[in-house]
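Q: Quick one: the structure is below, and I'll ask about it shortly.
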Amino acid sequence: MTRSTTINPIIADLNKLLANLIDFYFTYKHFHWHITGQDFYPFHLEFDKNASIIYANWDLIAERIRQLGGEAQASGRQVINNSNLPQYASLDLTKQLNLQDYVLIHLEACHEQTIITLNSVIEQAGAASDFSTADILTAILEEQQQMHWFISSSIDNLEE
């Protein structure tokens, strides 16, 4: 198996990850603009910070795809077709939960899916001896795990 045949599947999976990160960035910005409740201000700031981290990560992924000889598939339609993040309901449909709970639960699910995707591509990159890609993704994974922890901890506090 040549390096190009082991790298091509990585490019495809990096494009799926890219779509997830772009989708996730806009999800965070959407919730940044619409969060309400007594903890509005800290969540508003945290969501903006997380969106900025995700934006920087998506740029790294797109550049890595190009370095590997691929095309970064980042048009709106490509993102819609390639993202596998859970879709959130209209904010008007959140009557069973308060908005803040709904937002946090949704963000937690998005982080969980992103972590699963990252672990899969890291494993694939390692198997293909593409240690640079694995290293880039491991750094992103650490950031995702920290964001997930903050969000999950906020949910636990809301349920008390």
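Q: Sorted by average packing, counted as other Cβ atoms within 10 angstrom per residue and highest first, what order do 46-54, 128-136 take? Let's see the in-between values first.
A: Values: 46-54: 18.8, 128-136: 16.8.
Averaged packing, sorted descending, gives the order 46-54, 128-136.
Q: Give me the dipole magnitude in Debye, nearest 20, for the chain about the Cα centre, with unit charges on the beta carbon: positive for Lys and Arg, negative for Asp and Glu. Walk me through the intermediate numbers first.
A: Details: 8 positive and 20 negative charges, 135 e Å.
That gives the chain a dipole magnitude of about 640 debye.
Q: Rank-order 76-85, 109-118 by packing density, defined as the average count of other C-beta atoms within 10 Å over each peptide's residues, highest first.
A: With the highest mean Cβ count within 10 Å placed first, the list reads 109-118, 76-85.
Q: What shape does the chain take by its C-alpha gyration tensor, where a ≥ b ≥ c are the square roots of the eigenvalues and a/c under 1.5 counts as rounded, a/b above b/c as prolate, and the rest as oblate?
A: Working: a/c = 2.51, a/b = 2.05, b/c = 1.22.
Judged from the Cα gyration tensor, the chain comes out prolate (a/c at least 1.5, a/b above b/c).
Q: Report the calculated FRET efficiency for residue 38 and residue 66 (r = Cβ-Cβ distance, R0 = 35 Å), to the nearest 0.05.
A: Efficiency computed from Cβ-Cβ geometry: 0.20.
Q: Go ahead and collect, in residue order, the members of segment 36-63 whose backbone nitrogen is under 14 Å from a label point 7 Å along the Cα-Cβ direction of residue 150.
A: Flagged as within label range: 41-56.
Values in this text are rule-based calculations from the coordinates and carry no lab data. Because the structure is predicted, anything quoted here is derived from the model rather than measured. Backbone-built Cβ (ideal geometry, glycine too); neighbour counts: all protein chains shown.
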